[in-house]
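Reading through the structure tokens given below for one structure.
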Amino acid sequence: MSEWFGEGLPFRCTGCGDCCTGAPGAVWVDDDDVARLAAHLGLGPVEFEAKHLRRLAGRRSLLEHFNGDCEFWSRETRGCTVYDGRPTQCRTYPFWPHLIEASESWEGVKADCEGARLEAPLVPVSVIRAHAAEQRRSRAGC
Ligand code: SF4
């Protein structure tokens, strides 16, 4: 199947943190995310859930600070403190199904994300598809 974006999309994460901070939002997690994050922090899944998750619209999401920053974003180091165990939602951004479905939706990504506005190497279609499929699967289990 050919995609509207041809050979791929230019993207490179700059680590700016804009997608981890700012206006309140949600970082949804599924069971695999919970298990990975809990192991990363040396906790059991139940303990992790009690300490770090909240219920939003019937789903589980990471806690955030009063200003909307994800609780795992460090303003001191300007980085994710659970990077190797971060949720699927974070690992697959910006290649979520609804963001790559049309050039118009990708223009919205570019407006929000400096890494999508760079003259970066193309992320290949196979990688984009894999990320989108992973995000779709994860979201169904959140
Ligand atoms: S878990 Fe890490 S990558 Fe995901 S939103 Fe929080 S700080 Fe950002």
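The values are calculated or read from the model by the stated rules, or taken from the named source; none is laboratory data. None of the values given here were measured: they were computed from a predicted structure. With ideal geometry, Cβ positions are generated from the backbone for all residues, glycine too; neighbour counts draw on all protein chains shown.
Summary table below
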item: Pair list, Cβ < 8 Å and 6+ apart or interchain, from region 15-42 residues that are within 11 Å of T88 (Cα to Cα) and surrounded by fewer than 15 Cβ atoms within 10 Å (Cβ to Cβ) to residues that are modelled with pLDDT of 95 or more and of a type in the set (G, A, S); result: D32/S138
item: Filter result for F48 (more than 10 Å from the ligand (Cβ to nearest atom), over 13 Å from G85 (Cβ atoms) and free of Cβ contacts under 8 Å to residues at least 24 places away in the same chain); result: no
item: Residue tally, condition of a type in the set (G, A, S) and assigned to a loop (DSSP other than H, G, I, E, B), over region 106-142; result: 2
item: Filtered residues of region 71-105 (kept if assigned to a helix (DSSP H, G or I), closer than 20 Å to L53 by Cα and free of Cβ contacts under 8 Å to residues at least 40 places away in the same chain); result: Y83
item: Those residues of region 117-127 which are surrounded by 13 or more Cβ atoms within 10 Å (Cβ to Cβ), touching a strand residue (DSSP E or B) at 6+ places or on another chain (Cβ under 7 Å) and modelled with pLDDT of 95 or more, in sequence order; result: L122, V123, V125
item: Qualifying residue in region 76-98 (condition: away from the ligand (no atom under 11 Å from the Cβ), more than 30 Å from V125 (Cα to Cα) and buried (at least 16 other Cβ atoms within 10 Å of the Cβ)); result: no
